[in-house]
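A.B. asks: Input: one structure, supplied below.
The values are calculated or read from the model by the stated rules, or taken from the named source; none is laboratory data. No experiment lies behind these values; they were computed from the predicted model shown. Cβ placement follows ideal geometry from the backbone for every residue including glycine, while neighbour counts extend to all protein chains displayed. Surface accessibility is based on the protein's heavy atoms, side chains included, excluding ligands, DNA and RNA. Shrake-Rupley method; radii C 1.70, N 1.55, O 1.52, S 1.80 Å.
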Amino acid sequence: MSETSARRISVVFGVGAASGLGAALARRFAREGLVVYLAGRTQERLEARAAEIRAAGGEAHARGLDATKEGEVIALLDEAVQGGALDLVVFNAGANVAAPLLDVSAHEFEQLWRQNAFGGFLVGREAARRMAPNGRGVILFTGATASLRARPPFTAFAAAKAALRAVAQGLAREFGPRGLHVAHIVIDGVIDGDYARARFPQFVAAKGEDGLLKADEIADAYWSLYRQPRSAFTHELDLRPFSEPF
């Protein structure tokens, strides 16, 4: 086995702030010895996250892209497979809009679908295309409470997230028998980070420290999915704080 083929490559789509889930996933994968490609819309933030990983002794590469652009997704995964075995791909990208349905424009509805479901389809399809010939690989999709039920003012978001869940199910059923592990993770709660604290400060305060998910601990769950043996794959996993009602 060559040195290149022995290298395990991971790609995380949807990396932003240091306190976010995408960054936590990238840090965890790098700490475990995987080469990590960090993908997202803001190159400056990606470079900062990659520099933090390299400073801790990992190997990380920052690549700015739009996951709804087919050519950009293909180019990144083509680059990734040149460095070793593409072993782990996470689709963590997406967007949300809170609005009553009558206030949601057709453009906003379509954009939510593109950013959540269509982007997931492109990433999942291209990851499976490269992993299937090797008979192994893990593809993980970040879902939400809205993946399972639609409630106002998140009906448009729920429609997009439910579609992403369907993409994950279809991939799992088609490529599981070919050795690929495809899983969908329902994040049933609010992740403790800069995004939530800036946009929903009163909600975060009301929940308290025990009412928020910790990004690094979510990353532990993703890593456990990656390590599952072929005889006992999980397809869907839900994560929530112990105090979250469901």
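A.B. asks: Quick check on this structure: which one of E126, E44, E72, E52 is open to solvent by 60 Å² or more (accessible area, probe 1.4 Å) and closer than 21 Å to V167 by Cβ? Give the steps one after another, and end with the answer.
C.D. replies: Values: E126 fails: open to solvent by 60 Å² or more (accessible area, probe 1.4 Å); E44 fails: closer than 21 Å to V167 by Cβ; E52 fails: closer than 21 Å to V167 by Cβ.
Step by step, each of E126, E44, E72, E52 is checked, and only E72 is open to solvent by 60 Å² or more (accessible area, probe 1.4 Å) and closer than 21 Å to V167 by Cβ.
A.B. asks: Here's another thing I want to ask about it. List the residue pairs whose Cβ atoms are under 9 Å apart, where the first residue sits in segment 174-187 and is under 12 Å from R129 (Cα atoms), the second is in a loop (DSSP other than H, G, I, E, B), and the two are 6 or more positions apart or on different chains.
C.D. replies: Qualifying pairs under 9 Å: R178/G135; L180/G135; L180/R136.
A.B. asks: Name the residue that is most open to solvent (accessible area, probe 1.4 Å), counting only residues in segment 132-172 that are in contact with a Phe, Trp or Tyr (Cβ under 8 Å, 6 or more places away or on another chain) and farther than 15 Å from H184 by Cβ.
C.D. replies: The residue in question is A159.
A.B. asks: On the basis of being part of a loop (DSSP other than H, G, I, E, B), surrounded by fewer than 17 Cβ atoms within 10 Å (Cβ to Cβ) and out of contact with any Pro (no Cβ under 8 Å at 6 or more places or on another chain), does D66 make the cut?
C.D. replies: So D66 fits the description; yes.
A.B. asks: Does A39 qualify as being assigned to a strand (DSSP E or B) and either over 15 Å from V15 (Cβ atoms) or more than 15 Å from the chain's Cα centre (by Cα) (or both)?
C.D. replies: no
A.B. asks: Within segment 87-115, which residues are crowded, with 23+ Cβ neighbours inside 10 Å and either on the phi > 0 side of the Ramachandran plot or in contact with a strand residue (DSSP E or B) (Cβ under 9 Å, 6 or more places away or on another chain) (or both)?
C.D. replies: L88, V89, V90, F91, N92, A93
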